[in-house]
Amino acid sequence: MWFSPSPHRFNCQAKQQERQRQFDALPSSYNEACTEQDDKILDLSLSDLAHAHASSSISTPAILQAYGKKVVAAQQASNCIAAVLIPGILHSHAPQLYLPATTDIDSCQSSPLKENHLLSGVPVSIKDCIDIKGYDTTVGYSSRANKPVPSSAPIVRLLHDAGALTHVKTTVPPGLLGVETSSDLFGRTSNPYNPEYSSGASTGGGGALLAHKGSVIEIATDIGGSARLPAHWCGVYGMKSSIGRFPSWGTVSPLPGLEGVETSCSPMARRLDDLEEFWKRVVAMRPWEYDHTCIPLPWRPVNIRGKKLRFGVIWDDGTALQMTVDALQKQGHDVIDVTPPSILEGLMIGFQLCFSDGGIDFFSAVYKDEKLDPVLTATKSLLSLPQFLKSVLARFASDPVQSAMLTSVNAKSPSQERALVVAREEYRAKWRGVWENNEWDFLVCAPHPSPAIPKGTAEKVTLLDYTAGVLPITTVQSTLDALPSGFLNSSEYAAMGIVAKGVYAVYDASKMDSLPVGVQVVGRRLEEEKVLEGMRVIEEAVRASGISKSRNEGSGMNGVAGKSGSI
């Protein structure tokens, strides 16, 4: 007897076939190894690439060939591509596309670029929750597949006006929530350093692609670490902007209309110089003229190098943080231990706001036979339990996080939701008071208490609207970073909460060997320029110390896990 597939299975199959057709439409040369000329193009900074392309020293086909080869390789290695836009670019009628696919890189000039050349020829990948005309915006849901959108988001129009090449869209998990980028629609996106580990979420596709050199910039989003966690686990750079600084209209949220916890559209990059240069050039395009939600705030250069700075540090894994602190102190900077306002309090306020409708918006887009991240599956089950039963279970919960989840996560009335917004503002005020009392220039902490987690072992919520950047510091070393013998049977481990135990339970330094480890640098609201400079100060300090190349202590799990949170 013949059975037709469910709508979910049908949509997944159709989407995957469409993606394969897009790869099949690429020139056959994209399946070959990179040539010396390809490698020269891939090594160009954003600034040099834009100048070379604008001056016709390098052609669009040459750029697309170099980056297209890396896209194909990245897809084969990590499964990070949602859609391939390269064929559409190649078949467009832009005159420069018909130049020979060759380069004369050394002849490019460094004269100032015109506005429509600020990002000339720069490959920019787009997370699959941002609209590009003529392509799906799936947000990882199969229910949104095979439905091309009629118009592009303001950031995409700005990129095109500046001459950028939006060559691919990258994979995301369903609804953008979770710690792994995995879906029935696209499959699992693996870590670029070890396929048995996660690339992070929800910009896991973009993080993996950047690590494979398949793009110069990824346009990511960040609700609770969605750009920073993949940057940490994939060894690249990312920065969550404050709401309104970067154009975000046309970004599809899994929680539409939720103003209690807003989505920040933010870029990621392979290099810190490229990340800063991209920010400058986007702001130079006056994004507020494209996006009504964007604040009309020009770029404000900051120069803090050579000055003695004051860093607050939240200790929660003792790894790359210790290396960073040592490096900063060697450069003469002040580093002060921080006792922050309760991370659990902030987490619970944000989580309740996200699911204040009982999860109706988020889960209504999910088909019954669609597989979700284990965290989301548990959240769905939690929301469906009667409140009286959750209250009873909370009495027997031995862990404060578990108890708080049981008593707090449920559908809210309008007045309860407004009370949560008030609580959010009070929480922000606490942080402001702590910051001002300590007079920090920056706060440093871990993006996550662990390197990348194993696949299948699966969020953090942004409440403060602070600017926060992530940069790679070192990698896991199997011997130096191993847990003490018998640690999981120790009294120290037994005294930990459920979250910390969960992190340590999957930690294995020998299997995690060579995985990237980063740090998070936090500034105050709308301090994007300053945070980028703070990231540079830390990178230069670590490089000068030589710690990352020859270190005396490990980078894995040497401290108390479970405190790291999104700022």
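The values are calculated or read from the model by the stated rules, or taken from the named source; none is laboratory data. Computed from a predicted structure; not experimentally measured. Note that we place each Cβ from the backbone using ideal geometry, even for glycine, and neighbour counts take in every protein chain shown. Each accessible area value is taken on the protein alone, full model and side chains, heavy atoms only, with ligands, DNA and RNA left out. Shrake-Rupley method; radii C 1.70, N 1.55, O 1.52, S 1.80 Å.
Annotations for the structure displayed:
- Computed over protein heavy atoms with a 1.4 Å probe, the accessible surface of the chain works out to 40 Å² per residue.
- With the Kirkwood sum run over all distinct C-alpha pairs, region 369-428 has a hydrodynamic radius of 13.1 Å.
- Carbon and sulfur %, accessible surface of the chain computed with the full protein complex present, 1.4 Å: 52
- For T407, T251, T138, the ranking by accessible surface with the largest value first comes to T407, T251, T138, using a 1.4 Å probe.
- Taking the Cα centre of region 356-464 as origin and assigning +1 to Lys and Arg Cβ atoms and -1 to Asp and Glu Cβ atoms, the resulting dipole is close to 340 debye.
- D131, D357, ranked by accessible area, largest first (probe 1.4 Å): D357, D131
- Assuming charge only on the beta carbon of Lys and Arg (+1) and of Asp and Glu (-1), the dipole of the chain about its Cα centre is about 640 debye to the nearest 20.
- Shape class of region 181-334 from the alpha-carbon gyration tensor: oblate, with a/c at 1.5 or above and b/c at least as large as a/b.
- Charge dipole of the chain about the Cα centre (unit charges at C-beta), most positive-ward option of S6, T60, L297: S6
- Whether region 382-538 is rounded, prolate or oblate, judged on the alpha carbon gyration tensor where a/c under 1.5 counts as rounded: oblate
- The candidates H160, H53, arranged from most to least accessible area with a 1.4 Å probe in the full protein assembly, appear as H160, H53.
- Cα-based reach from K455 at 16 Å (exclusive), listing lysines while leaving out same-chain residues under 8 positions away: K371, K511
- Hits among lysines - C-alpha to C-alpha of K240 under 16 Å, sequence gap 8 or more where chains match: K127, K280, K460, K530
- Rounded to the nearest 5, the antiparallel percentage of DSSP beta bridges internal to the chain is 70%.
- Packing, taken as the mean count of other beta carbons within 10 Å per residue, orders the peptides 212-218, 420-426 from highest to lowest as 212-218, 420-426.
- Candidate values (1) 67; (2) 50; (3) 40 were compared with percent of Cα pairs over 33 Å apart computed on the shown model; the agreeing label is (3).
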